[in-house]
Amino acid sequence: MPVSVTKDVEKLKDTSVASPQETAATHSGASTPQGVVDVSSVRKFLMARGNSAVADRGFRWLMIACAMSIFAIVALIASELIARSQLSIAKFGIGFFFKQAWNPVTGDYGALTFIYGTLASSIVALIIAVPLSIGVSVFITEMSPKFLRGPLSFLTELLAAIPSVVYGLWAVFVLVPILRDDVNPVLMKTLGWTGFFAPPNFGQGVMTAGVILAIMILPIISSLTREVMTAVPGSQREAVLALGATRWEMIRMGVLRNARIGIVGSIILGLGRALGETMAVTMVIGNRPEIVKSLLAPGYSMASVIANEFTEASDSLYLSALVEIGLALFLVTIIVNGLARLLVWAVTRGASARVA
Amino acid sequence: MGVGIEVKDLNAWYGSNHTLQDINLNIQPNEATALIGPSGCGKSTFVRCLNRMHETNPIAKVTGSVRIGDLDIYNDASPVEVRRRIGMVFQRPNPFPTMSIYDNVASGLRLNGFRNRRVLDEVVERSLKHAALWDEVKDELKKKSGASLSGGQQQRLCIARALAVDPEVLLMDEPASALDPVSTAKIEDLIFQLKSQYTIIIVTHNMQQAARVAERTGFFLNGKLVEFDSTHKIFTNPRDKRTEDYITGRFG
Ligand SMILES: Nc1ncnc2c1ncn2[C@@H]1O[C@H](COP(=O)(O)OP(=O)(O)O)[C@@H](O)[C@H]1O
Ligand SMILES: [Mg+2]
C-alpha cells in the first residue's frame, strides 16, 4: 500500500514540473508508455477537488429535512385536528360516531349520517367503477390494436386531470337530468323491490354522487390495474395458452389472477379518493343530513358537511364537531391509502426484473 | 400413446425475418427427438410452430403443413384444440405463483371444466409421480405455492402440469438450461421414462444431453434443417460438413 501511494505522488510531481512543451514531447516520444501523463493529469484534477465533505453533509441534511417535513406535516395536521375537536370529543365521546343527530340549534351532533353518506356514495362508485376500469385495462393491455392503445390510455389518464369542480358542474347540468329522467325510472321499475331505488327521485342524491365519483376514480383504478397487468410476465400468459386456454381463459388465469393483489390495491386507492372527494359530491349529493335506504334520496357526506358548514359554524361546539368529522375522514383515508400503497408495492416490486 | 409428426414445407417469419425455411421432417412416435443448433437458428420457433404458439406473436406468420397423428393442425383444428393435445415445457420454469402445487398440476384440467375431485386427485398424483416430484411435495400439495419450490422442482412441476392433460406430444424447449447438474440429470431420467408413453421433442444446446436422451437428432442452422438422422449417426458420422463442424466445436 504505502509503496504504491509514494509512486503515485512521484508521478504527480513529474507531471506538475513538466511544462506544456515537455508534456507534448513525452507524448510523441515512443520511449515513455502512452497514457501515463493523461492519467496523472486526471488524477491531479481529481485530487485538487478535495473530498467535498461539507457540501455532502449539507446536502444530506437538506434531504433529511425535506423528508422529515412530510412527517411533520402529517403529525401537525393530526394533532391540530385532535386539539380542535376536543370540545366535541369531550361532550359526545365515542357515541359521536354512532349518532344521527345534527342539530346546531340544540347543540346535538353526531357523525353517522355523514359517515353513511360517504360510505354509500363511495360503494356505489366502486360498484360502477371497478368492473368498468378492469374492462378498460383488459382491453387496453390484452386486446386493443396498437394504434388505439396510446390514445385510450391517454384519455383515461386525462380524466384524472380534470378539476373536481368541473366534474361537479358537468354532473349538475348533464348527469342529474339523465339520471332523473332516463336511468332512475328504469331502476325504480326493475329494482324498486330491493328498496334501494325508491321515490322521491330528484336527480340529486347518493346515487348521483356515486356515479360522478365512479367517473372520477376510473382513471386511478384503471391506470394502476393496467400497470400491474403489464407487470405480469409473458411466460405466465404462454404457460396458460400452452395448456389450451382460450384468450379469455388466458386473461383470467394468466393475467388477472396474477395481478389480483395489485388490482385490489388499485381499487382501495380509488376508494381512498372517493371517500375524500368533496366538491363534485357536494354539488350533487343533495346535502340533507338523513339516512334513507333509497339511494335516489338526498344524503350528505363527511367532506361535504365540512365544506358547507365550516364558515357558518357559529359556536365552538359546532366547529369542534365539524373538526371531529374531519379527523375521522383523515384517519380513514390515511389508513385506506396506506393499505392500498402497500398492496400495490408488494406486487409491482421486482416486476421489471420478472418481465422477460 | 404418442403419435408421429409430419412436417411439410414449414416456413415461419417474425415480421420480415424469415426464421424457418422449408423445414421437412418426420418425427417417430414414442421417441425422443433432439433439436440442436447455435442460438438464434430457429429451434424455439420450430417447436412453437408445432403447437401453434408461434402465431400468438402479432408479427409472426407461418405457412406449410404439420400433421400430428392424423390431425392437420393448421387446417383441421383451432389453436386451442391443438394446444390441448400437445404439452409444452418452457426454458424458464413458469409455474403459476398464485396457485398451490396441486392447483398448478390440476390447472389444465380445470381450465377445460374438469371438476371431478376424485379423478383430479388421481391425475395430480399420477402426474407428479411421472414428473418424479411426488415424493418431494406430497405432504404439502395444497399448502405450498408453486413458486416456493426450487428451480429444478419448479421445472418438474411444469412437466407434471403438462402431463396432467395427457398430451400426445411433449415439447420441451431447453428444459434444463436454467437448472443445476443434479436437476438436469433428473429431467434427463424423466425424459427416458416418458418416452414410452409420449412423443418427445427436446430442444437443447447441450450435445451430450442430446446424445444421452434422444433416438434422433436434427441440426438447425440459420433457419434451415441441415441434417436429421439417428442421434448415433449425427454424432459419429454426420453427412454434412456444417453438422460435423458444429458437433466438434469447430463452428463459427
Ligand atoms: N419474439 C420475437 N420477435 C422477433 N424475432 C424473434 C422473436 N423470437 C425469435 N426471433 C428471431 O427468430 C430467430 C430464431 O429465434 P429462435 O427460434 O428463438 O432461435 P433458437 O431457439 O434456436 O435460439 C432469431 O433470429 C430471433 O432473433
Ligand atoms: Mg430458443
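The values are calculated or read from the model by the stated rules, or taken from the named source; none is laboratory data. Fair warning: this is a prediction, and the values are worked out from it, not measured in the lab. Cβ sites come from the backbone with ideal geometry, for glycine too, and all protein chains shown count toward neighbours. Each accessible area value is taken on the protein alone, full model and side chains, heavy atoms only, with ligands, DNA and RNA left out. Shrake-Rupley method; radii C 1.70, N 1.55, O 1.52, S 1.80 Å.
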Next on the checklist: So, in region A:149-159, how many residues would count as being within 25 Å of A:ASN258 (Cβ to Cβ) and touching a helix residue (DSSP H, G or I) at 6+ places or on another chain (Cβ under 8 Å)?
Outcome noted: 5
Next on the checklist: Every residue in region B:82-112 that is in contact (Cβ under 8 Å) with a residue 12 or more places away in the chain, within 27 Å of B:ILE5 (Cβ to Cβ) and among the hydrophobic types (A, V, I, L, M, F, W, C), please.
Outcome noted: B:VAL82, B:ILE86, B:MET88, B:VAL89, B:PHE90, B:VAL105, B:LEU109
Checklist entry - What are the residues in region B:121-136 that are more than 14 Å from chain A (Cβ to nearest Cβ) and surrounded by fewer than 23 Cβ atoms within 10 Å (Cβ to Cβ), if any? => result B:ASP121, B:GLU122, B:GLU125, B:ARG126, B:LYS129, B:HIS130, B:ALA132, B:TRP134, B:ASP135, B:GLU136
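So, in region B:44-66, of the ones that are among the aliphatic types (A, V, I, L, M) and in contact with a Phe, Trp or Tyr (Cβ under 9 Å, 6 or more places away or on another chain), which residue ends up nearest to ligand 2 (Cβ to nearest atom)?
Residues of region B:44-66 that are among the aliphatic types (A, V, I, L, M), as a first pass: B:47, B:50, B:53, B:59-60, B:62, B:66.
Keeping just the survivors that are in contact with a Phe, Trp or Tyr (Cβ under 9 Å, 6 or more places away or on another chain) gives B:59-60, B:62, B:66.
Numbers: B:ILE59: 17, B:ALA60: 15, B:VAL62: 17, B:VAL66: 19 Å.
Going through the qualifying residues, I end up with B:ALA60.
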Checklist entry - Can B:PHE90 be described as on the phi < 0 side of the Ramachandran plot and touching a helix residue (DSSP H, G or I) at 6+ places or on another chain (Cβ under 7 Å)? => result yes
Checklist entry - All but one of (1) within 14 Å of another protein chain (Cβ to nearest Cβ); (2) in contact (Cβ under 8 Å) with a residue 40 or more places away in the chain; (3) touching a helix residue (DSSP H, G or I) at 6+ places or on another chain (Cβ under 7 Å) hold for A:ARG247; which doesn't? => result (3)
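Need a quick list: strands (runs of 3 or more DSSP E) entirely within region B:1-116 having at least 2 residues that are more than 9 Å from chain A (Cβ to nearest Cβ), under 23 Å from B:LEU128 (Cα atoms) and within 11 Å of ligand 1 (Cβ to nearest atom). Write out each step before concluding.
Numbers: elements: B:5-14, B:17-27, B:32-36, B:60-68, B:86-89.
Here the list is empty.
Suppose we keep only residues that are more than 9 Å from chain B (Cβ to nearest Cβ) and more than 26 Å from A:ALA274 (Cβ to Cβ) within region A:221-244. Which one would you say is least open to solvent (accessible area, probe 1.4 Å)? Break it down stepwise before answering.
Applying the first criterion (more than 9 Å from chain B (Cβ to nearest Cβ)) to region A:221-244 yields A:221-232, A:234.
Next, from what is left, pick out any that are more than 26 Å from A:ALA274 (Cβ to Cβ): A:232, A:234.
Details: A:VAL232: 8, A:GLY234: 34 Å².
Residue satisfying both the conditions and the ranking: A:VAL232.
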Checklist entry - What helices (runs of 4 or more DSSP H), lying completely within region B:187-252, carry at least 1 residues that are touching a residue at least 60 places away in the same chain (Cβ under 8 Å) and open to solvent by 20 Å² or more (accessible area, probe 1.4 Å)? => result B:207-213, B:241-247
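Condition check ((1) touching a strand residue (DSSP E or B) at 6+ places or on another chain (Cβ under 7 Å); (2) within 16 Å of ligand 2 (Cβ to nearest atom)) across all residues:
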position	(1), (2)
B:ILE68	yes, no
B:SER78	no, no
B:VAL82	no, no
B:ARG92	no, yes
B:PHE96	no, no
B:ARG115	no, no
B:ARG126	no, no
B:SER148	no, no
Checklist entry - Only one of (1) surrounded by fewer than 22 Cβ atoms within 10 Å (Cβ to Cβ); (2) in contact (Cβ under 8 Å) with a residue 24 or more places away in the chain is not met by B:ARG118, so which one is it? => result (2)
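Could you tell me whether any residue of region A:335-349 is out of contact with any Ser or Thr (no Cβ under 8 Å at 6 or more places or on another chain), farther than 23 Å from A:VAL74 by Cβ, at pLDDT below 90 and not in a helix (DSSP H, G or I)?
As a first pass, look at region A:335-349 and keep what is out of contact with any Ser or Thr (no Cβ under 8 Å at 6 or more places or on another chain): A:335-339, A:341-343, A:345-349.
Cutting the leftovers down to farther than 23 Å from A:VAL74 by Cβ gives us A:347-349.
Now restrict to residues that are at pLDDT below 90: A:347-349.
Those still in the list that are not in a helix (DSSP H, G or I) too: A:349.
For region A:335-349, residues out of contact with any Ser or Thr (no Cβ under 8 Å at 6 or more places or on another chain), farther than 23 Å from A:VAL74 by Cβ, at pLDDT below 90 and not in a helix (DSSP H, G or I): present.
Does B:SER39 qualify as being away from ligand 2 (no atom under 16 Å from the Cβ) and surrounded by fewer than 17 Cβ atoms within 10 Å (Cβ to Cβ)? Break it down stepwise before answering.
Working: away from ligand 2 (no atom under 16 Å from the Cβ): no; surrounded by fewer than 17 Cβ atoms within 10 Å (Cβ to Cβ): yes.
Against the criterion (away from ligand 2 (no atom under 16 Å from the Cβ) and surrounded by fewer than 17 Cβ atoms within 10 Å (Cβ to Cβ)), B:SER39 does not qualify.
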Next on the checklist: When you check A:SER153 against the structure, is it crowded, with 17+ Cβ neighbours inside 10 Å, polar (S, T, N, Q) and at pLDDT below 90, yes or no?
Outcome noted: yes
Checklist entry - Can you pull out the residues in region B:146-179 that are away from chain A (no Cβ under 12 Å) and farther than 27 Å from B:PHE46 by Cβ? => result B:SER148, B:LEU149, B:SER150, B:GLN153
Checklist entry - Quick check, is B:ASN30 within 16 Å of ligand 2 (Cβ to nearest atom), touching a Gly at 6+ places or on another chain (Cβ under 9 Å) and closer than 21 Å to B:LEU163 by Cα? => result no
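Quick check on my filter: what residues within region B:159-182 are crowded, with 19+ Cβ neighbours inside 10 Å and either away from ligand 2 (no atom under 16 Å from the Cβ) or in a helix (DSSP H, G or I) (or both)? Can you show your working first?
Initial filter on region B:159-182 (crowded, with 19+ Cβ neighbours inside 10 Å): B:159-165, B:167-176, B:179.
B:ILE159, B:ALA160, B:ARG161, B:ALA162, B:LEU163, B:ALA164, B:VAL165, B:PRO167, B:GLU168, B:VAL169, B:LEU170 - these are the residues of region B:159-182 that are crowded, with 19+ Cβ neighbours inside 10 Å and either away from ligand 2 (no atom under 16 Å from the Cβ) or in a helix (DSSP H, G or I) (or both).
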